[in-house]
Amino acid sequence: MSITVLFRKRPKPTFELLQGIFVHWMHMSYQLVLQVRGESLSDFDAMMDLEQELAVELDDIAEVDGHDMGCGEINIFILTSIPRVVFEKSKPFLIQHKLLNRVKSGFQWFLRIST
């Protein structure tokens, strides 16, 4: 019963919030992750170089959203509406950095709300 009360008191979404959800849903609806096992500084440097190159190369079709490192893995996060195309366009850079055989990739639906 308390759940029902919480839902009744929840404020109604504003037009601006709904518009922001729709705009991001239309343009960047997936998060693509490129993951490489690595713990050394050279692995990290290679991934940071890759991240910078991808940010320039994919600028018209994707947004490179950052990276993280931990548990022996380095991840680059990319937001896009066409994850398969972005991965294909990333392959030459992965080859150049000798990472193509080591990379794992995947994508998931992603909703980004800006307020």
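All of the numbers you see were taken from the coordinates with simple rules; none came from a lab. Because the structure is predicted, anything quoted here is derived from the model rather than measured. Cβ placement follows ideal geometry from the backbone for every residue including glycine, while neighbour counts extend to all protein chains displayed.
Quick look at the values:
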read-out: Mean separation of Cα contacts under 8 Å, 6 or more apart, over the residue count of the stretch 29-109: relative contact order %; value: 47 percent
read-out: Charged-residue dipole, Cβ positions (Lys, Arg, Asp, Glu), the stretch 29-109 about Cα centre, Debye nearest 20; value: 460 debye
read-out: Top positive-direction residue, dipole computed over the stretch 24-115 with Cβ charges, set A46, L58, F110; value: F110
read-out: The stretch 35-70 residues near the modelled R102 label - backbone nitrogen below 15 Å, point 7 Å along Cα→Cβ; value: 35-51, 69-70
read-out: Sites R37 and I82, calculated FRET efficiency, Cβ-Cβ separation with R0 30 Å, nearest 0.05; value: 0.70
